[in-house]
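Worksheet: the structure to be examined is printed underneath.
The values are calculated or read from the model by the stated rules, or taken from the named source; none is laboratory data. All values derive from a computational prediction rather than experimental measurement. All Cβ positions, even for glycine, are placed from backbone atoms using ideal geometry, and neighbour counts span all protein chains on display. Side chains are part of the model used for accessible areas, which takes the heavy atoms of the whole protein and leaves out ligands, DNA and RNA. Shrake-Rupley method; radii C 1.70, N 1.55, O 1.52, S 1.80 Å.
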Amino acid sequence: MTEALIAALFVFVLASFIGFEVINKIPPTLHTPLMSGSNAISGIAVIGAIVAAGERNTNLSVILGLIAVTLATVNVVAGFLVTDRMLQMFKKKEIKA
């Protein structure tokens, strides 16, 4: 258990550093497509949360799984709403005659 936890923390820290460096090196014009991609990846978190909640090992795991499903779903929906709003900013406005 402890070795698995340490390995998971190691992967988490490395992923955090890589994500931070990648986002810092990307020009701002590419942030919107990257946000769309990260929203799609967040869908994987929803699936993982559903699997975690569905195992029903303990009541705590079910509660935490349901909380994870809720938060991941809010993240996906809000991400797509923000992306859509940002894409609306790039559309040309019609000139009223």
> Can you spot a residue in region 56-65 that is at pLDDT 85 or above, open to solvent by less than 60 Å² (accessible area, probe 1.4 Å) and under 17 Å from the mean Cα position of the chain (by Cα)?
Replying inline: yes
>> Based on this model, can you work out whether T29 counts as within 17 Å of the chain's Cα centre (by Cα), within 30 Å of M89 (Cα to Cα) and of a type outside the set (G, A, S)?
In response: no
> Which residues, taken from region 43-55, are under 27 Å from I23 (Cβ atoms) and either touching a strand residue (DSSP E or B) at 6+ places or on another chain (Cβ under 6 Å) or open to solvent by 60 Å² or more (accessible area, probe 1.4 Å) (or both)?
Replying inline: I44, I47
> For region 29-42, which residues satisfy the criterion of being closer than 17 Å to V77 by Cα and exposed (fewer than 14 other Cβ atoms within 10 Å of the Cβ)?
Replying inline: P33, L34, G37, A40, I41
> Is it the case that T70 is open to solvent by 60 Å² or more (accessible area, probe 1.4 Å), out of contact with any His (no Cβ under 8 Å at 6 or more places or on another chain), part of a helix (DSSP H, G or I) and of a type in the set (S, T, Y)?
Replying inline: yes
